[in-house]
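The values are calculated or read from the model by the stated rules, or taken from the named source; none is laboratory data. Worth saying up front: this structure is predicted, and the values here are computed from it rather than measured. Virtual Cβ from ideal backbone geometry, glycine too; neighbours counted across all protein chains shown. With ligands, DNA and RNA removed, areas are computed over all heavy atoms of the protein, side chains included. Shrake-Rupley method; radii C 1.70, N 1.55, O 1.52, S 1.80 Å.
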Amino acid sequence: MILPPIPTPFDREGRLDTEAFRELAEALEPLVDGLLIYGSNGEGVHLTPEERARGLRALKPRKPFLVGLMEETVPQAERALLEAQEAGAMALLATPPRYYHASLGEGLVAYYQALAERMPIFLYHVPQNTKVDLPLSAVETLAQHPRITGIKDSSGDLIRLAFYQAHLRDDFRVFTGHAPTFLGALALGAEGGILAAANLAPRAYRALLEAFRTGRLSEAQALQKRLFPLGNLLSRGGVPLLKQAMRHLGLPAGYPRPPYPQESPVWKEFRPVLEALKGEGWLL
């Protein structure tokens, strides 16, 4: 499966644009297998509870979708849990508590287990943003819970992917969020990708996944090599670069919420990569 973490559109003043949000989701959904709403590239941490609710009400996904959760405690998460359930999300994608992570101890496992009592959960390992590593021992324990159904790992650490394949139950769903190592993750048992780059090149990543699944490994390797600059530069440029690229392609992605920059310093380097892939027919 290929699921893009869709951006949340804000206007230049930082106001949520629900009409653009709906239009963007409707443009992307036919090209992919599902969506992630309010993930890292969806600026979930930048939204008020009221905005989260208003944005979800504006969307009517037909395909499976996840909703991101980036809170610190279960009481903070209650409203988002209820709204995700009402919207029909297949699961919440939850980062670990991070502010007091050094003293969290067994509270990490208890936090995820409490969320899972309310609805299905995907663990979200994204240490480049949270500055917190999900201990492999905790992942192994949590994977035994029947409502903790998968993980998105954006670290790019293939040793972790090998651990998941070797130690977790067979039906535990593993997705990578790291486009530069996408093919390696597939080789280590990942089901698919929840990739920022899939907002721009969904056809290419679905073609790569299909080539791998059908044993056309040389074709998959060639595609991974071709797509590497796209994913690598997006990893550097983050949300500002992703939104700038999507605006360049005519998509209503809006702007990052202030105080984050509206344009990326990586754009000059990224644009030729984008244009070349567009000329080859790999973009939207």
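Miscellaneous remarks
- Candidate set from region 14-53 (those that are touching a residue at least 60 places away in the same chain (Cβ under 8 Å) and part of a loop (DSSP other than H, G, I, E, B)); member that is most open to solvent (accessible area, probe 1.4 Å): 17
- Scanning region 106-143 for residues being open to solvent by less than 10 Å² (accessible area, probe 1.4 Å), part of a loop (DSSP other than H, G, I, E, B) and over 17 Å from residue 154 (Cβ atoms) gives a total of 2.
- Residue 149 assigned to a helix (DSSP H, G or I) and under 20 Å from residue 165 (Cβ atoms): no
- Residue list for region 70-81, filter: of a type outside the set (D, E, K, R), open to solvent by 30 Å² or more (accessible area, probe 1.4 Å) and farther than 18 Å from residue 138 by Cβ: 75, 76
- Test: residue in region 160-167 that is assigned to a helix (DSSP H, G or I) and under 18 Å from the mean Cα position of the chain (by Cα): yes
- Residue in region 82-105 that is buried (at least 16 other Cβ atoms within 10 Å of the Cβ), at pLDDT 95 or above, in contact with a Lys or Arg (Cβ under 8 Å, 6 or more places away or on another chain) and assigned to a loop (DSSP other than H, G, I, E, B) present: no
- Region 183-240, subset part of a loop (DSSP other than H, G, I, E, B) and touching a residue at least 60 places away in the same chain (Cβ under 8 Å), residue surrounded by the most Cβ atoms within 10 Å (Cβ to Cβ): 195
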